[in-house]
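Down below is the structure, laid out as structure tokens.
The values are calculated or read from the model by the stated rules, or taken from the named source; none is laboratory data. As the structure is a computational prediction, the values presented were derived from the model and not from experiment. We place every Cβ from the backbone using ideal geometry, glycine too, and count neighbours over all the protein chains shown.
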Amino acid sequence: MWILYGIISALFLGIYDISKKAALNRNAVFPVLLISTLFGALPWIPLVLISRIQPEWLAATPFFSPPMSPIEHGLIFLKSLIVSLSWVFVYFGMKHLPISIASPIRASAPLWTLLGAVTLMGEMPSLPQWAGLALTLGGYFILSLAGQREGIFFHRDRWVGAMAIGTLLGAISALYDKFLLHRYPTGMVQPWFSFYLVLILFPVVLFAWWPNRRNTTPFVWRPTLPLIGLSLGIADFLYFQALRDPAALISILSAVRRSNVLISFGVGGLLFQEKNQARKAVGLAIILAGVLIIVFAV
């Protein structure tokens, strides 16, 4: 069942990526980030209130949000902080890069999850996993050649660097998710994670973007803004439910979720009329092959 949750989560992540790219096109990053996050948090407000006022209505469902201790709030706030930093880097990268370049970079998250397990948990990859790592790096080399045709040089492009940092932080968040979801229910983690994201991002918009808004890219309302938060909220809910399964493997689940790149790359590339699709498709296929070797060789 957890694999099915992961597949459906990947579908909504693909919708999330395309909506995000459409909203960020010639638009201010920070308000887009805050407003989309707010739409992701709104559906949880009535559920948390019902959990406090009439707990028996939701007690037997995954939407029930039990009371929390200050330590538990702190643990979830830490996740929100990691994710907000990741999103800032990813949103800036997504704004300035073609989606057919940005999405494959994000698809490498399972690779970094594996490296995190090696460095933080003392795991040692097998020979096939190291081969998968080499294959993934080869895919990035092909993508870099395709990117050069559009003036994007992987080794010195700051937006490629921003996507890479955001992806690395996302992998750290994935490892932390396993820690949280094996201890706490989805109805505790996801709503407060969403609320704390808004709490973190609001002062960033208020103090970093608002005073300088006339000197930067202006903010424009886009119909895709609510879709960003809602599609991500559904994707995260299914992902968190999958992680709660004792049989779920974070390395495999991470790879399944990142198959959303097939939607982002295929549909997004056509919608935004991006160049060099055939060359990028070869690089993407090699990256996905490397990621699959890494996770299924566990």
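Residue check: residue 78 meets all listed conditions (1) modelled with pLDDT under 70; (2) surrounded by fewer than 17 Cβ atoms within 10 Å (Cβ to Cβ); (3) within 18 Å of the chain's Cα centre (by Cα) but one, namely (1). Is one or more of the residues making up segment 33-46 touching a residue at least 60 places away in the same chain (Cβ under 8 Å), touching a Lys or Arg at 6+ places or on another chain (Cβ under 6 Å), in a helix (DSSP H, G or I) and not β-branched (Val, Ile, Thr)? The answer is no; no qualifying residue exists.
Has segment 182-199 got any residue that is at pLDDT below 90 and either buried (at least 22 other Cβ atoms within 10 Å of the Cβ) or at positive phi (or both)? Spell out the reasoning first.
Step one: filter segment 182-199 for residues at pLDDT below 90, giving 182-183.
From the residues that got through so far, the ones that are either buried (at least 22 other Cβ atoms within 10 Å of the Cβ) or at positive phi (or both) too are none.
No, segment 182-199 contains no residue that is at pLDDT below 90 and either buried (at least 22 other Cβ atoms within 10 Å of the Cβ) or at positive phi (or both).
This table checks each residue for (1) modelled with pLDDT of 70 or more; (2) crowded, with 22+ Cβ neighbours inside 10 Å.
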{"site": "242", "(1), (2)": "yes, yes"}
{"site": "267", "(1), (2)": "no, no"}
{"site": "272", "(1), (2)": "no, no"}
{"site": "292", "(1), (2)": "yes, no"}
{"site": "296", "(1), (2)": "yes, no"}
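Can you tell me which residue within segment 207-225, out of those that are of a type outside the set (A, V, I, L, M) and in contact (Cβ under 8 Å) with a residue 24 or more places away in the chain, is surrounded by the most Cβ atoms within 10 Å (Cβ to Cβ)? Step by step, filter segment 207-225, then rank; the result is 224. Residue 72 satisfies every condition listed in (1) touching a Ser or Thr at 6+ places or on another chain (Cβ under 9 Å); (2) surrounded by 17 or more Cβ atoms within 10 Å (Cβ to Cβ) except (1).
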